[in-house]
Amino acid sequence: MTRPFPDDLLGLPHRRDVPFARLTTLGVGGLCRWLFEPTTEAEAQAFVRACVREGLPWRVLGGGSNLVVLGDVETPVLRLAFPKLVQREGSELTAPASHGHIALAEAATQAGLSGLEFASGIPGSLGGAIRMNAGAYGREWVDVLTRFRFLTPEGELVERAPEPGDFRYRGSFLTAGHVVLSATARLATSDPETIRAQVAEYRAKRGTSQPLSRRNAGCIFKNPPGQSAGRLIDAAGLKGLRVGDAEVSPEHANFLVNHGQATAAQFAELMERVRSRVLELHGVELEPEVEIWRD
Ligand SMILES: Cc1cc2nc3c(=O)[nH]c(=O)nc-3n(C[C@H](O)[C@H](O)[C@H](O)COP(=O)(O)OP(=O)(O)OC[C@H]3O[C@@H](n4cnc5c(N)ncnc54)[C@H](O)[C@@H]3O)c2cc1C
């Protein structure tokens with residue numbers, strides 16, 4: 001069933017029936033029936049305002065590296081397609097939310113700016129990274145974020161510095177229709193070779209501990225306070241557990257990998273089996289880090 005959208009919404013750049021398999025790193029999911037791809041902040045704001053006026057819900061998609069999408073999605077999906085321009089002012093870098101996250105870390109390295117080394121192995125977009133407060137190796141976005149621009153669920157454009165309580169471990173207030181538009185990081189000038197050495201060390205660590213040769217969505221569950229989700233799953237003997245082509249990675253228990261033909265339903269079932277087995281054995285309720293979309 002298709003929804004009748006008003007002319008101003010349909011006048012914005014959009015595509016129909018795009019498979020989520022092409023929009024997510026896990027490579028599964030049904031069709032994105034309505035994919036809106038604004039190229040300017042004004043278009044993004046027009047999208048949100050039109051949705052608000054029409055009483056339509058919407059979803060925001062970045063690089064799809066933290067998502068499992070079940071079935072087709074009729075709800076309009078917003079994916080920013082802003083020009084990928086990075087601006088430097090002193091030791092601060094500002095980039096649009098649609099900028100590739102790893103590419104931004106690389107831009108910082110090339111500029112001789114230290115502080116985004118942690119981001120060098122985290123895929124997706126900058127907007128997704130801000131929303132998720134992405135992090136690794138003891139650092140996360142809130143450590144370097146100085147300003148960010150976003151749309152409220154009412155379509156108001158706000159630019160401000162982070163405030164206490166805005167960000168937490170792998171989360172933020174930027175849910176339920178908020179749209180991150182751009183972000184500024186305060187970095188430190190450093191020698192590019194030193195930065196490169198740190199990036200290489202982090203990449204080598206990932207290369208040995210993560211199943212990067214197969215499609216995945218990074219860590220599936222958040223680490224419970226003081227514990228490691230991967231260790232709990234491993235101790236439950238679940239490495240290698242498979243539902244169809246979806247498998248708990250034998251290399252890293254908190255990664256689920258796609259052997260090629262997996263479906264979103266298989267990943268959802270595998271997640272449920274892992275969650276319930278860990279609860280049964282360790283008494284710990286694992287909370288998904290990946291987001292699950294279903295209409
Ligand atoms: C191999 C691999 C390694 C990973 N390693 C790490 C890691 O070390 N640390 C880590 O934290 N994560 C890691 N991840 C997970 C993932 O890369 C991050 O969560 C990433 O920041 C998600 O960004 P995205 O653009 O892909 O977001 P998506 O997956 O597209 O979306 C995730 C959430 O962000 C929201 N969102 C996306 N863009 C915007 C926007 N512009 N405004 C508002 N909301 C938005 C979506 O609505 C959704 O709620 C890894 C993933 C993979 C595949």
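The values are calculated or read from the model by the stated rules, or taken from the named source; none is laboratory data. In this text the structure is predicted, and so the values were computed from the model without any measurement. Here the Cβ positions follow ideal geometry from the backbone for every residue, glycine too, while neighbour counts run over all protein chains shown.
Numbers for the structure displayed
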read-out	value
Whichever residue in region 138-174 is hydroxyl-bearing (S, T, Y) and modelled with pLDDT of 95 or more and, among such residues, is farthest from W293 (Cα to Cα)	T146
Extreme residue, nearest to the ligand (Cβ to nearest atom), among residues of region 16-32 that are in a loop (DSSP other than H, G, I, E, B) and under 17 Å from the mean Cα position of the chain (by Cα)	T25
Residues that are within 14 Å of the ligand (Cβ to nearest atom) and either touching a residue at least 60 places away in the same chain (Cβ under 8 Å) or surrounded by 13 or more Cβ atoms within 10 Å (Cβ to Cβ) (or both), drawn from region 157-168	L157, D166, F167
Considering residues of region 114-140 that are part of a helix (DSSP H, G or I) and either touching a His at 6+ places or on another chain (Cβ under 7 Å) or aliphatic (A, V, I, L, M) (or both) only, the residue surrounded by the fewest Cβ atoms within 10 Å (Cβ to Cβ)	M132
Some residue of region 145-156 being under 16 Å from the mean Cα position of the chain (by Cα), among the hydrophobic types (A, V, I, L, M, F, W, C), over 25 Å from L56 (Cβ atoms) and crowded, with 16+ Cβ neighbours inside 10 Å	no
Identity of the residue in region 56-113, touching a residue at least 24 places away in the same chain (Cβ under 8 Å) and part of a helix (DSSP H, G or I), that ends up farthest from V257 (Cα to Cα)	Q110
Residues within region 169-195 that are away from the ligand (no atom under 13 Å from the Cβ) and under 18 Å from L93 (Cα atoms), tallied	10
